[in-house]
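All remarks here apply to the structure that follows.
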Amino acid sequence: MRRSRLAAVAVAVAAAGCGGDDSSSSSQPAAQSTVGMKNIKFQPEAIRVKVGQEITWTNDESVPHDVAATSGAEFKSETFGKGATFKFTPTKAGTIEYECTLHPGMDGRVEVVE
């Protein structure tokens, strides 16, 4: 009887440690709404956000940049320097391609999901 009671306690302890909220694991990438600008690149170059989630681009270097949509949305920032930001909130699902018009090849993408 003592052995079966120990086994029951062990099972209960193991089960208690296995349950609960497992929100840290997901089959989808986490939504990210911030993009840095460094080494003449958008970092990261691609992000995923939800409709209505504000996106913020921050210039992390001393070179001036801008952000301009090339497809999927309509926006264009002014040129801005180190530490400054530009913000945009997508209103529909889809893919937004964008660029820095001052630096050819400095491109990025936003996947907007419901």
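Below is a table of values for the structure above.
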read-out: So ALA30, is it at pLDDT below 95 and exposed (fewer than 14 other Cβ atoms within 10 Å of the Cβ); value: yes
read-out: Total residues in the range 61-71, condition under 18 Å from the mean Cα position of the chain (by Cα) and either assigned to a loop (DSSP other than H, G, I, E, B) or of a type in the set (Phe, Trp, Tyr) (or both); value: 1
read-out: Set THR58, THR85, THR79: member being surrounded by fewer than 15 Cβ atoms within 10 Å (Cβ to Cβ), under 19 Å from the mean Cα position of the chain (by Cα) and not acidic (Asp, Glu); value: THR85
read-out: GLU74 at pLDDT 95 or above, surrounded by 14 or more Cβ atoms within 10 Å (Cβ to Cβ) and either at positive phi or not in a strand (DSSP E or B) (or both); value: no
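The values are calculated or read from the model by the stated rules, or taken from the named source; none is laboratory data. What you see is a predicted model, and the numbers here were worked out from it, not measured in a lab. For neighbour counting, all protein chains shown are included, and Cβ atoms are generated from backbone atoms with ideal geometry for every residue, glycine included.
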